[in-house]
Structure formats: C-alpha cells, structure tokens
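**Q** If you scroll down you'll find the structure; I have some questions about it.
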Amino acid sequence: QVQLVESGGGLVQPGGSLRLSCVASGNDFSMYAMGWYRQAPVRQRELVAAITSDGTTNYGEFVMGRFTISRDNAKNMVYLQMNNLRPEDTAVYYCNANLFPFNYWGQGTQVTISS
C-alpha cells in the first residue's frame, strides 16, 4: 500500500510559478513510475507529466517546456516545477504512483491561475 500526499498548490497570477510536491509512504518507491495528472471542472483527468523508475520523463502536449517533473528516491518525493502558468492550467493536480498491477492516487492539490 502506498499513500501519496500532495502539497504546493495555490493561487498565482498568470506568468507565475509553482512547485508541487508529493511524498509517498511505503516501500519500493524507486520502483514506481510517478506522475502528475490534473482535472479541471467538467473535463477529464489528463496527464501532465510522468517519470519512470529510471528517470525517463514524458509530458502532456500542452506543457510545451513550461513544466519539469523530477524525483528524489532517497526522500520518496516527486516534484512538478511549473513556470509561465496560464489561466487554463487551473485544475486540481493529482500525484500518481504506478507499478503494475498497483495504481495509487493522492487527494489532489488545487492550482488556480488568476489575476
């Protein structure tokens, strides 16, 4: 069993930055693929960024170089650095841990981009 707790969300102005953090409990964190997803009202949950156990990263097309995902296996942490934020980035951001057949979600952290 893995528990995920996100932090770092908030309200920022367009063009601003946020750094989301996710701490994972449990063992074998380094074996999990970790990801950040987001869900805006009346929209489906979508992939923002993912990082595999060997550090390979993948991003949603809308990211366009603005976000960076990273992980610290020694601390059981995964991060999402978000720069040049736009109003359309407003959503609840969820941390995900995946190691087949196990898949875990955090409770989410709200990110709001508004002037």
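The values are calculated or read from the model by the stated rules, or taken from the named source; none is laboratory data. Keep in mind it's a predicted model, so treat the numbers as computed, not measured. For neighbour counting, all protein chains shown are included, and Cβ atoms are generated from backbone atoms with ideal geometry for every residue, glycine included. Accessible surface is based on the protein model in full, side chains and every heavy atom, while ligands, DNA and RNA are left aside. Shrake-Rupley method; radii C 1.70, N 1.55, O 1.52, S 1.80 Å.
**Q** Filter segment 80-94 for residues that are open to solvent by 30 Å² or more (accessible area, probe 1.4 Å) and assigned to a strand (DSSP E or B); which is nearest to Gly26 (Cα to Cα)? Show your work before the answer.
**A** Within segment 80-94, the first condition is being open to solvent by 30 Å² or more (accessible area, probe 1.4 Å), and the residues that meet it are 81, 83-84, 86-88, 90, 92, 94.
With the extra rule that they be assigned to a strand (DSSP E or B), the set shrinks to 81, 92, 94.
On the way: Gln81: 24, Val92: 24, Tyr94: 18 Å.
Of everything passing the filter in segment 80-94, Tyr94 is nearest to Gly26 (Cα to Cα).
**Q** Tell me, please, whether a residue that is closer than 13 Å to Gly108 by Cα, at pLDDT 95 or above, within 16 Å of the chain's Cα centre (by Cα) and of a type in the set (Phe, Trp, Tyr) can be found in segment 71-90.
**A** Within segment 71-90, not a single residue is closer than 13 Å to Gly108 by Cα, at pLDDT 95 or above, within 16 Å of the chain's Cα centre (by Cα) and of a type in the set (Phe, Trp, Tyr).
**Q** Being charged (D, E, K, R), assigned to a strand (DSSP E or B) and closer than 23 Å to Ser25 by Cβ is the filter here, so list the residues in segment 44-79 that pass it. Write out each step before concluding.
**A** Step one: of segment 44-79, the residues charged (D, E, K, R) are 45-46, 54, 61, 66, 71-72, 75.
With the extra rule that they be assigned to a strand (DSSP E or B), the set shrinks to 46, 71-72.
Answer for segment 44-79, where residues must be charged (D, E, K, R), assigned to a strand (DSSP E or B) and closer than 23 Å to Ser25 by Cβ: Arg71, Asp72.
**Q** Now for a separate question. Looking at segment 1-26, I want the residues that are touching a residue at least 40 places away in the same chain (Cβ under 8 Å) and under 17 Å from Ser70 (Cβ atoms) and have a partner that is hydrophobic (A, V, I, L, M, F, W, C) and assigned to a loop (DSSP other than H, G, I, E, B) with Cβ atoms under 8 Å, at least 6 apart or on another chain. Which pairs are those?
**A** Ser17/Leu85; Leu18/Leu85; Ala24/Val2
**Q** Turning to a different aspect of this structure: In segment 19-36, which residue that is outside any loop (DSSP other than H, G, I, E, B) and farther than 16 Å from Gly106 by Cβ is most open to solvent (accessible area, probe 1.4 Å)? Step through it out loud before you land on a result.
**A** Taking segment 19-36 and keeping what is outside any loop (DSSP other than H, G, I, E, B), we get 19-24, 29-31, 33-36.
Now drop any that are not farther than 16 Å from Gly106 by Cβ, which leaves 30-31.
On the way: Ser30: 55, Met31: 103 Å².
Out of the qualifying residues, it is Met31.
**Q** With the requirement that a residue be assigned to a loop (DSSP other than H, G, I, E, B) and under 24 Å from Val12 (Cα atoms), what does segment 95-114 give you?
**A** Of everything in segment 95-114, those that are assigned to a loop (DSSP other than H, G, I, E, B) and under 24 Å from Val12 (Cα atoms) turn out to be Gly106, Gln107, Gly108, Ser114.
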